[in-house]
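Structure record follows, encoded as structure tokens.
The values are calculated or read from the model by the stated rules, or taken from the named source; none is laboratory data. The model shown is predicted, which means the values in this text are computed figures rather than measured ones. Every residue, glycine as well, gets a Cβ built from its backbone with ideal geometry; the counts of neighbours run over all protein chains shown.
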Amino acid sequence: MTAGQPTTSAIFRPQLLERRRRLEAAAATVSGAYLTALLAEVDAALQRIDEGSFGLCETCHDSIEPERLLADPLVRVCLDHLSEPERRALEGDLELATRIQARMLPPRELPVAGWDTHYHYEAAGPVSGDYCELVPLDPPGSLFFAVGDVAGKGVAASLLMTHLSAILRSLLSLGLPVPEVVSRANRLFCENTLASHYATLICGRVTGTGILELCNAGHCPPLAVGREEVRRVDVAGLPLGMFCQGEYASRRLDLTAGESLVLYSDGVTEASDPAGNHYGEERLCRVLRQGCGLDAQRLTAAVLEDLSAFRGDAAAADDLTLLILRRRP
């Protein structure tokens, strides 16, 4: 993000003006000095937008980290120039966010009648913008599953992921069909986040009969692993948060005993080796084909082992999530 670009004003000015409105509305509940100080901070940020200096560190004049601005548009300095108390406070916040996010993850393995599950969730930094969910449903033997990816990285993305998780868990309690859950989640996510924010999501429901219902909102297509082939399961849909009136359809998939469904974030297929080459869907399919007889846990381990060998000493550039559901033989 470059200071002074039209997108900066379009994204942050409405947010700052809304903060100012809420501060003025709360004038009777806070001290005058405190209110004056907060209004001054907001007005100073609006002035920086007008002057074209918004988003630049006041110490070194380089760009402030975009994810920090999205989380708090009042920040004035980059991470390199935080004061020692500010640095300690940020480290404490990140540690707390990491613990909270870890507690939100489902059990590593959640066996449901007729199904085995296993997932791997790996943040590129202290917190992740990926989403992974397994929720038992009624009637017994049913299971909701999901993998998602919020645009962006860091704390701002993790906060949006938490928001998305809360929306979906609330909707699941209503017993709605999967497409209706996604449609309502899209509307709520769109109405309660900035226009620049969106998320991709692949989700569905399984039952003990072997039937899966899948709905895709702009996410990587899942892969069905059979005894003789690995095939894409294409289901079209726009990412969440782009248009409030998005419509979503579902697709039914019948997996036979021993077959698996693999969901993943682009942190898997877009992982890079030291030369900058991507891991890619083709290589992922090859590993899945070779391991088609493995259970969910061992198949997950086989993918991760091959991915690690491919990456070598290249650092992870994105969050990574891999979720496998396998119908028991």
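Some points to look at:
- Matching option when the condition is at pLDDT 85 or above and either under 27 Å from Ser128 (Cβ atoms) or not assigned by TED's automatic domain parsing to the domain that holds Asn192 (or both), among Asp72, Asp80, Asp62, Asp93: Asp62
For (1) of a type in the set (Val, Ile, Thr); (2) out of contact with any Leu (no Cβ under 8 Å at 6 or more places or on another chain), each residue gets a yes or a no:
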{"residue": "Gly114", "(1), (2)": "no, yes"}
{"residue": "Pro139", "(1), (2)": "no, yes"}
{"residue": "Ser165", "(1), (2)": "no, yes"}
{"residue": "Leu172", "(1), (2)": "no, no"}
{"residue": "Val181", "(1), (2)": "yes, no"}
{"residue": "Arg187", "(1), (2)": "no, yes"}
{"residue": "His197", "(1), (2)": "no, no"}
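- Cβ-Cβ contacts under 6 Å between residues 6 or more apart (or on different chains), taken from a first residue in the range 122-137 that is closer than 20 Å to Leu304 by Cα to a second residue that is of a type in the set (Asp, Glu) and outside any strand (DSSP E or B), are listed as Ala123/Asp319; Ala124/Asp318; Ala124/Asp319; Ser128/Asp319; Gly129/Asp319; Asp130/Asp319.
- Counted residues, the range 250-275 - those being assigned to a loop (DSSP other than H, G, I, E, B), aliphatic (A, V, I, L, M) and touching a Pro at 6+ places or on another chain (Cβ under 6 Å): 1
- Boolean, Thr256 is of a type in the set (S, T, N, Q) and more than 30 Å from Ile11 (Cβ to Cβ): yes
- Taking the numbered list (1) of a type outside the set (Lys, Arg); (2) more than 23 Å from the chain's Cα centre (by Cα); (3) surrounded by 13 or more Cβ atoms within 10 Å (Cβ to Cβ) in turn, Ala314 passes all entries but (2).
- Applying a threshold of 7 Å to beta carbon distances and a minimum spacing of six or more residues, or different chains, the list of pairs starting in the range 1-27 at a residue that is part of a helix (DSSP H, G or I) and ending at one that is at pLDDT below 85 reads Thr8/Met1; Ile11/Leu194; Ile11/Ser196; Gln15/Leu194; Leu23/Leu35; Ala27/Leu35.
- Scanning the range 276-329 for residues that are assigned to a helix (DSSP H, G or I) and farther than 18 Å from Val230 by Cβ turns up Gln297, Ser308, Ala309, Arg311.
- Meets criteria (more than 21 Å from Cys285 (Cβ to Cβ), acidic (Asp, Glu) and either buried (at least 16 other Cβ atoms within 10 Å of the Cβ) or in contact with a helix residue (DSSP H, G or I) (Cβ under 7 Å, 6 or more places away or on another chain) (or both)) for Glu259: no
- Here the strands (runs of 3 or more DSSP E) wholly within the range 128-235 that include at least 3 residues being surrounded by fewer than 19 Cβ atoms within 10 Å (Cβ to Cβ) are 130-137.
- In the range 59-86, of all residues being acidic (Asp, Glu) and touching a residue at least 24 places away in the same chain (Cβ under 8 Å), the one that is surrounded by the fewest Cβ atoms within 10 Å (Cβ to Cβ) corresponds to Glu67.
- Exactly one residue out of Arg298, Arg289, Arg328, Arg283 is farther than 22 Å from Val178 by Cβ and either modelled with pLDDT under 95 or not assigned by TED's automatic domain parsing to the domain that holds Arg187 (or both): that is Arg328.
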